[in-house]
Amino acid sequence: MKEVVVLSGKGGTGKTSIVGSFAALAKGAVLADCDVDAADLHLILQPAIQQTNEFWSGHTAFIDEDRCTQCGLCQELCRFKAIRDFRVDPTSCEGCGFCSHICPTEAITMEENLSGHWFISDTKYGFLVHARLGIAQENSGKLVALVRQQAKLMAEKQGAAYIISDGPPGIGCPVISSLSGANVALLVTEPTLSGMHDLERVLGVCWHFDVPALVCINKYDINEDNTHGIEQYCLSQGIEVAARIPFDNAVTEAMVRGLPVVGYTRNGVSCQIEALWERVSKSLTK
Amino acid sequence: MIISVASGKGGTGKTLVATSLALSLKDREMVQLLDCDVEEPNDHILLKPVITESEAVCIPVPEIDEKKCTYCGKCAEVCAYHAIAVFSQQVLVFPNLCHGCSACAYLCPEKAISERGREIGIVEQGHADGVDFAHGKLNVGEAMPTPVIRKVKELVNYDGIVIIDVSPGTSCPVVESIKGSDFCLLITEPTPFGLNDLILAVETVKELKVPCGVVINRAGAGNGKVEEYCLKENIPVLLIIPLDTEIARLYSKGITMVEGMPQWKERFMALFDRIQEITGERSRSVKR
């Protein structure tokens, strides 16, 4: 079983719309939504949740007011400035536990966080593993790792040939967690200067973690000079541009109807996405 | 006043709004733009600032003096991130896992641990056409953006208007960036993805007790559900930007909206006036 992860660096380039279509084209793949703090894939795949699980991760310091003598040592030593007026600000606490070790009256305990939930769902296109990070919670990287691990178990159980993962934007912890160990990364970019700048950075992350990358230029006709620039750049880096997808309102129309675009219309966008899936699946089986 | 510009969903137009808002206000206010999307900072592409200062962002990681170390294992025991492993004759440090809390150094009974800075990114400062500018850049391959964001936010100039461009999402880097703001502008698009992620973003700013308002970008695509939601939740829609290929074309070339379409400057100034009204009303009601 092989895994492709779809990334972009810049947000809003079309990762989820492409993954939704891949789900419909791959027939029987296991889907993983690794964008755990703003997951959207379920809006296209319309999953029926079969299993809901809690995600406990990380700790937050808690000060027992009755035992606290207000000596101030914890406030002085906390590197994250998370304690003020002998109260812990949970959004600043990194859960290191330093304060709990040094408190002279043992007034500080570390309490485990319920950081979110993860789900196994059935969709018309195959099983979906997805998650929801709790509001203002950390450890999204760990939740991503859990989603991928569960997707792998599911794929093994189902005998699925592919895992298709919808990744988060950016280049930090949840991206690294989505990427490491995947077989291929598909980088979806757009022909804007921002898209190009961010593509270079996310490509750097792929190299860093030694995952082969393919590029797809979405909405390529917004600025054909920039599209040409991306193609030149990819050529110079030895990266294949696997598809150029035109801008088309049908993508938004399909989203509004909760459908993958390939299931909504037979136009240029759909044909390009079909060809792209063929190319991606070929790169996975070689 | 600190205004953060966030979204939940990526690619809805945070950079477009943050840069045009800054440029629209610079003639009548002291304006500072801080790009806290340190994973993929883009404001500099549009504003083309002259960078005058650059500083590395380091997090302190432990260094073990093996001459003093007795391999007691205390450091590994207290490390919440499993960044230290102690064997019978050896200590291994995994700097990538270290958050720099310094518990190991402080609690080592032999005082065998010192700290050294490990660079994870940089902060650059400068100016762009009358706007004070700074951004952070996380090094490629690094996982932790929050220390870089904290460093950028140390530069906040409380005397003027500070605009903070936030990364997409709702997790720790977003919280770190928005925290302490007087107002948060949430940029969305009128699509199911836009609405779903707007709801998450609203929950996040509520958690942080920061008042918010919405900018709807690419109006005309999608449906009317975002406006329905805002009405129902009593969240003000402060600006509507239509779906317009000209706006997309300008952005693709790295041209800010108010430079390419100067008629928008007044609308961005009116947006700011509305924010001032809302935050002013709020501080009055808090005082009462």
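Which of the residues spanning region A:98-124 are surrounded by fewer than 20 Cβ atoms within 10 Å (Cβ to Cβ), within 14 Å of another protein chain (Cβ to nearest Cβ) and assigned to a loop (DSSP other than H, G, I, E, B)?
A:Pro104, the sole residue that qualifies.
Considering region A:131-140 alone, what residues qualify as being modelled with pLDDT of 95 or more and either in a helix (DSSP H, G or I) or more than 9 Å from chain B (Cβ to nearest Cβ) (or both)?
A:Ala131
Every residue, every condition in (1) within 10 Å of another protein chain (Cβ to nearest Cβ); (2) free of Cβ contacts under 8 Å to residues at least 24 places away in the same chain, yes or no:
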position	(1), (2)
B:Thr204	yes, no
B:Leu208	yes, no
B:Val237	no, no
B:Arg249	yes, yes
B:Gly260	no, yes
B:Lys265	no, no
B:Met269	no, no
B:Arg274	no, no
B:Glu281	no, yes
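Conditions: (1) at pLDDT 95 or above; (2) part of a helix (DSSP H, G or I); (3) under 26 Å from B:Gly130 (Cβ atoms). B:Ile241 meets all but one. Number of the miss?
So the condition that B:Ile241 fails would be (2).
Take A:Ala61 and decide whether it is buried (at least 24 other Cβ atoms within 10 Å of the Cβ) and in contact with a Lys or Arg (Cβ under 8 Å, 6 or more places away or on another chain).
When the stated conditions are applied, A:Ala61 does not pass them.
Say whether the condition of being more than 26 Å from A:Pro174 (Cα to Cα), more than 11 Å from chain A (Cβ to nearest Cβ) and free of Cβ contacts under 8 Å to residues at least 24 places away in the same chain is met by at least one residue in region B:181-190.
no
So which residues in region B:141-180 are touching a residue at least 40 places away in the same chain (Cβ under 8 Å), among the hydroxyl-bearing types (Ser, Thr, Tyr) and in contact with a Leu (Cβ under 8 Å, 6 or more places away or on another chain), if there are any at all?
Scanning region B:141-180 gives a single hit, B:Thr170.
Taking helices (runs of 4 or more DSSP H) that do not extend beyond region B:1-96, which have at least 2 residues that are within 22 Å of A:Thr189 (Cα to Cα) and in contact (Cβ under 8 Å) with a residue 60 or more places away in the chain? Before the answer, list the steps.
Details: elements: B:14-25, B:43-47, B:74-78.
Filter on region B:1-96 gives B:14-25, B:43-47.
Check B:Val174, B:Val140 and return the single one that is surrounded by fewer than 24 Cβ atoms within 10 Å (Cβ to Cβ), at the interface with chain A (Cβ under 10 Å from one of its Cβ atoms) and at pLDDT 95 or above. Quick ask: steps written out before the conclusion?
Numbers: B:Val174 fails: surrounded by fewer than 24 Cβ atoms within 10 Å (Cβ to Cβ).
Answer to the selection: B:Val140.
Quick check on this structure: which one of A:Leu128, A:Leu143 is buried (at least 21 other Cβ atoms within 10 Å of the Cβ) and either within 14 Å of chain B (Cβ to nearest Cβ) or among the β-branched types (Val, Ile, Thr) (or both)? Break it down into steps so the answer makes sense when it comes.
Details: A:Leu128 fails: either within 14 Å of chain B (Cβ to nearest Cβ) or among the β-branched types (Val, Ile, Thr) (or both).
Answer to the check: A:Leu143.
Condition check ((1) of a type in the set (A, V, I, L, M, F, W, C); (2) buried (at least 22 other Cβ atoms within 10 Å of the Cβ); (3) modelled with pLDDT of 95 or more) across all residues:
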| residue | (1), (2), (3) |
| --- | --- |
| B:Cys108 | yes, no, yes |
| B:Lys111 | no, no, yes |
| B:Ile120 | yes, yes, yes |
| B:Gln125 | no, no, yes |
| B:Ala134 | yes, yes, yes |
| B:Lys151 | no, no, yes |
| B:Val156 | yes, no, yes |
| B:Asp159 | no, no, no |
| B:Ile164 | yes, yes, yes |
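Test of understanding: among A:Ser57, A:Ser92, which residue is polar (S, T, N, Q), within 21 Å of the chain's Cα centre (by Cα) and at pLDDT below 95?
Numbers: A:Ser92 fails: within 21 Å of the chain's Cα centre (by Cα).
When all the criteria are applied, what remains is A:Ser57.
Looking at (1) more than 9 Å from chain B (Cβ to nearest Cβ); (2) crowded, with 24+ Cβ neighbours inside 10 Å; (3) in contact with a helix residue (DSSP H, G or I) (Cβ under 7 Å, 6 or more places away or on another chain), which is the only condition A:Ala151 fails?
(3)
Among the residues of region B:149-171, write down those that are within 14 Å of chain A (Cβ to nearest Cβ), among the hydrophobic types (A, V, I, L, M, F, W, C) and in a loop (DSSP other than H, G, I, E, B).
Result: B:Val166, single match.
Can you name the residue in region B:217-235 that is within 14 Å of chain A (Cβ to nearest Cβ) and either within 23 Å of the chain's Cα centre (by Cα) or not in a helix (DSSP H, G or I) (or both) and is also surrounded by the most Cβ atoms within 10 Å (Cβ to Cβ) among such residues?
Filtering region B:217-235 for residues that are within 14 Å of chain A (Cβ to nearest Cβ) and either within 23 Å of the chain's Cα centre (by Cα) or not in a helix (DSSP H, G or I) (or both), the one surrounded by the most Cβ atoms within 10 Å (Cβ to Cβ) comes out as B:Asn217.
Taking the condition without any contact (Cβ under 8 Å) to a residue 60 or more places away in the chain and more than 24 Å from A:Ile135 (Cβ to Cβ), does A:Cys78 pass?
Answer is no for this residue.
Need the failing condition index for A:Cys93 against (1) closer than 30 Å to A:Leu179 by Cβ; (2) part of a strand (DSSP E or B), just the number.
The number of the failed condition is (2).
Is it the case that A:Leu31 is more than 14 Å from every other protein chain (Cβ to nearest Cβ) and crowded, with 23+ Cβ neighbours inside 10 Å?
On the way: more than 14 Å from every other protein chain (Cβ to nearest Cβ): yes; crowded, with 23+ Cβ neighbours inside 10 Å: yes.
In short, yes.
Go through region B:183-230 residue by residue and tally those that are β-branched (Val, Ile, Thr) and more than 22 Å from A:Leu259 (Cα to Cα).
8
Restrict the check to region A:198-208 and report whether at least one residue is crowded, with 23+ Cβ neighbours inside 10 Å, in contact (Cβ under 8 Å) with a residue 60 or more places away in the chain, in contact with a Lys or Arg (Cβ under 7 Å, 6 or more places away or on another chain) and not small (Gly, Ala, Ser).
yes
So, in region B:80-96, how many residues would count as being within 14 Å of another protein chain (Cβ to nearest Cβ) and surrounded by 11 or more Cβ atoms within 10 Å (Cβ to Cβ)?
Qualifying residue count for the region: 5.
Is it fair to say A:Ala61 is in the same structural domain as A:Asp210 (by TED's automatic domain parsing), touching a Gly at 6+ places or on another chain (Cβ under 8 Å) and not charged (D, E, K, R)?
no
The values are calculated or read from the model by the stated rules, or taken from the named source; none is laboratory data. Small disclaimer: the values here were computed from a predicted structure and weren't measured. Reconstructed Cβ throughout: ideal geometry from the backbone, glycine too, with neighbour counts over all protein chains shown.
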